[in-house]
Amino acid sequence: MGIISFQGARTKVKKQDDTPIKVSDYMTRKLITFTPQQSVLEVMETLVKHKISGGPVVNEQNELLGIISEGDCIKQLNESRYYNMPIDDANVERFMVKDVDTIDGNISIFDAANKFLETKRRRFPIIEDGKLVGQISQKDVMKAALKMNSQHWRDI
């Protein structure tokens, strides 16, 4: 007498795409950038107008020199009030953060999420061949997460 199976027909499991989701897939490429010579007042106007919290500072060759943020602008406001100096005289170079962490566009979005957690940064510039090519933000990582279904989370 033969063995009878009650499992029924098995459906083929769809193979998951194991290509990691990269930072470059979700980074912003069209950036609002600033120059070291721009006034902080102009930066504040741009940040408010475009509803952004900061941006990269670049030279004429699109090389990253620093980052200027809302916090940097507020420092300038506080300093100008304290020293009773006009705000128009302050330029970006004086208030930008020059020691900038960057991130590789080829790393996975999950590695980027870990770097955000470790550093408490809000954004990371992406550099290729010495030039600024994009930026990834915490919001971009969240957008990537929302586009994935729960199956991807278990398999990655």
Task: Pair list, Cβ < 8 Å and 6+ apart or interchain, from the range 44-58 residues that are farther than 17 Å from Leu132 by Cβ and in contact (Cβ under 8 Å) with a residue 24 or more places away in the chain to residues that are of a type in the set (D, E, K, R) and assigned to a strand (DSSP E or B) - done: Ser53/Arg123
Open item on the list: Please go through the range 20-42 and give me each residue that is in contact with a Gly (Cβ under 8 Å, 6 or more places away or on another chain) and over 30 Å from Phe110 (Cα atoms), ordered by number.
Closed with: Pro36
TODO: Please find, within the range 113-144, the residue that is farthest from Ile52 (Cα to Cα) out of those that are free of Cβ contacts under 8 Å to residues at least 12 places away in the same chain and over 10 Å from the mean Cα position of the chain (by Cα).
DONE: Asp129
- [ ] Determine whether the range 2-18 contains at least one residue that is loosely packed, with under 11 Cβ neighbours inside 10 Å, modelled with pLDDT of 95 or more and not polar (S, T, N, Q).
- [x] no
- [ ] Please go through the range 87-112 and pick out each residue that is hydrophobic (A, V, I, L, M, F, W, C) and more than 10 Å from the chain's Cα centre (by Cα).
- [x] Ile87, Ala90, Val92, Phe95, Met96, Val97, Val100, Ile107, Ile109, Phe110
TODO: Might you let me know whether the range 47-62 holds any residue that is charged (D, E, K, R), surrounded by fewer than 18 Cβ atoms within 10 Å (Cβ to Cβ), in a helix (DSSP H, G or I) and within 12 Å of the chain's Cα centre (by Cα)?
DONE: no
Task: Per-region count, the range 112-137, residues on the phi < 0 side of the Ramachandran plot, loosely packed, with under 15 Cβ neighbours inside 10 Å and outside any strand (DSSP E or B) - done: 4
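The values are calculated or read from the model by the stated rules, or taken from the named source; none is laboratory data. Quick caveat, the model's predicted, so the values are computed rather than measured. Methodologically, a virtual Cβ is constructed for each residue, glycine included, from the backbone with ideal geometry; neighbour enumeration extends over all protein chains shown.
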